[in-house]
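Here is the structure we will look at.
The values are calculated or read from the model by the stated rules, or taken from the named source; none is laboratory data. Predicted model only: the values in this text are computed from it and were never measured. Glycine also receives a Cβ, built like all others from the backbone with ideal geometry; neighbour counts cover every protein chain displayed. These accessible areas exclude ligands, DNA and RNA; they are computed on the full protein's heavy atoms, side chains included. Shrake-Rupley method; radii C 1.70, N 1.55, O 1.52, S 1.80 Å.
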Amino acid sequence: SIFTGQMPHQVNATNNLPQLQGHWKEIPMMGKLMKEAGYETGYVGKWHLPIPSQDKELHGFDFMNEKTFGNWVDPSIPSDCYEFMGKKREKPYLLVASFTNPHDICEWARGQKLRQDFIDEAPLPHQCPPLPENFEIPVDEPEIIREVQALSWKQYPTREWNEDKWRQYQWAYNRMTEKVDYYIGMLLESLKKFNQLENTLIIFTSDHGDGCASHRWNQKQVLYEEVINVPFIVSWPGHFVQQTNQRELVSIGQDIIPTMLDFAGGQKPDVMKGLSLRPLIDEKNVRWRDCLVVETEFADGETLHGVSGRALISDGYKYIVYSKGKKRDQLFNLETDPREMTDLVNLPSENVQLEKMKKLLVTWCETYNDSFFNR
């Protein structure tokens, strides 16, 4: 989504896929669009897209240094980015630095040796972060979530963990996050060295989060906030007033490319329905989107589990629905219950809001040709 500006179901990539020749041939991608806007383009790090990294005509990244799943990948990324930044050029440039961690918390959970980086052995549990307020599984949670969790120990090795292990898990996750934070600092220092910091728009985000012990969940795929509400920062030192906006609904998959093209003077393709964030950044009084939809597909790598889900956020509420199970949906008031501890689905006083959210999601699916409700 980040590199096509479209939802996963629109580009037929709802799970991990191998690099396929001929896939996405007709889909405009980030690198190509920025090249057409007059930019040199570079990519360093984890690729993980279902098209060959060598197909530069398709993806548009002329400088391509794909990092396959090996050892010490993340520490090498700042050096390769430095090489690209320091080139003498006539044009402006786009550079993507794609780090893996803290993704490898899944390897730590399985007791495997880490490949991307190293961290110390976890300290005693009482020296680790306390359990989150929403550590326990919500009452009346859709049963399909735990059924999927039981399908693969490799993916979800945490089902029998005690509280001490979960506390150490959080410690390890924080250490991996700090590692990436350090490398991002190296990128910023490189920009300073080349006197490019105040002439560079920086966008920082992640493709997904992690359960991180909330609701006794590790990994991604569920639609709780810890997994889908990822960091998103747009920075331009010397040009933007430093501020935080947590009110508006932003889609990292749909909105990044329109934002980049807006600042670069490029043209957003009609197929992309996302919004440029520039009006929000410029603090203009604009009407923003009323609802945001997130989609998921439960899978173990390339193997689908046959269960999908949708979350719709609107008016301070969040509606979640899964494709299977006796009890399929959840409703949370994110303003009064940001940790999603109280499901409102069966509360009579919330019936009107529940029906409103269902109708909004159905309308969204019709608009985006999403066949979720037809499965």
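What to note about this one:
- Within the straight-line cut-off of under 20 Å between alpha carbons, the aspartates and glutamates reachable from Lys56 are Glu26, Glu36, Glu40, Glu66, Asp80, Glu83, sequence neighbours fewer than 8 places apart in one chain being disregarded.
- Gaussian network model of the chain, springs between alpha carbon atoms under 10 Å - residue of Asn195, Asn174, Asn285 with greatest fluctuation: Asn285
- Alpha-carbon Debye profile of segment 1-133, log10 I(q)/I(0) at 0.11, 0.18, 0.20 Å⁻¹: -0.52, -1.06, -1.20
- Multiplying the residue separation of Asp282 and Lys356 by 0.36 nm and subtracting their alpha-carbon distance yields 23.4 nm.
- Normalised alpha carbon radius of gyration of the chain [divisor 2.2 N^0.38 Å]: 1.01
- Within the accessible area of segment 82-186 (1.4 Å probe), percent carbon and sulfur: 51 percent
- Greater than 18 Å apart at Cα, pairs in Lys87/Lys192; Lys154/Lys220; Lys67/Lys91; Lys318/Lys359: Lys67/Lys91
- Fraction of accessible area attributable to carbon and sulfur, segment 327-375 (%, probe 1.4 Å): 51 percent
- Shape of segment 238-361, Cα gyration tensor, a/c cut at 1.5: oblate
- Taking all pairs of distinct alpha-carbon atoms in segment 83-238, Kirkwood radius in angstrom: 17.8 Å
- DSSP H segments from the chain that extend 20 Å or more along their own axis, Cα-based, with Kyte-Doolittle mean of -1.0 or above: 351-367
- For the residues Glu83, Glu225, Glu141, a GNM of the chain with alpha-carbon springs under 10 Å puts the largest fluctuation on Glu83.
- Multiplying the residue separation of Phe373 and Ile137 by 0.36 nm and subtracting their alpha-carbon distance yields 82.3 nm.
- Probing with 1.4 Å while keeping every protein chain in the model, the per residue accessible area of segment 21-105 equals 47 Å².
- Computed over protein heavy atoms with a 1.4 Å probe, the accessible surface of segment 272-375 works out to 53 Å² per residue.
- Per residue, the average separation of C-alpha pairs within less than 8 Å and at least 6 apart gives the chain a relative contact order of 17 percent.
- With protein chains left intact and a 1.4 Å probe, residues in segment 144-193 average 54 Å² of accessible area per residue.
- Prolate/oblate/rounded call for segment 74-146, Cα gyration tensor, a/c under 1.5 rounded: prolate
- Normalising the Debye intensity of segment 170-252 to I(0), with uniform scatterers on Cα atoms only, and taking log10 at q = 0.12 Å⁻¹ returns -0.48.
- Dmax and Rg, reported as Rg then Dmax, of segment 288-332 (C-alpha, Å): 12.4, 37
- Note on Asp337 and His208: with the Förster distance fixed at 25 Å, the Cβ-Cβ geometry gives a FRET efficiency of about 0.70.
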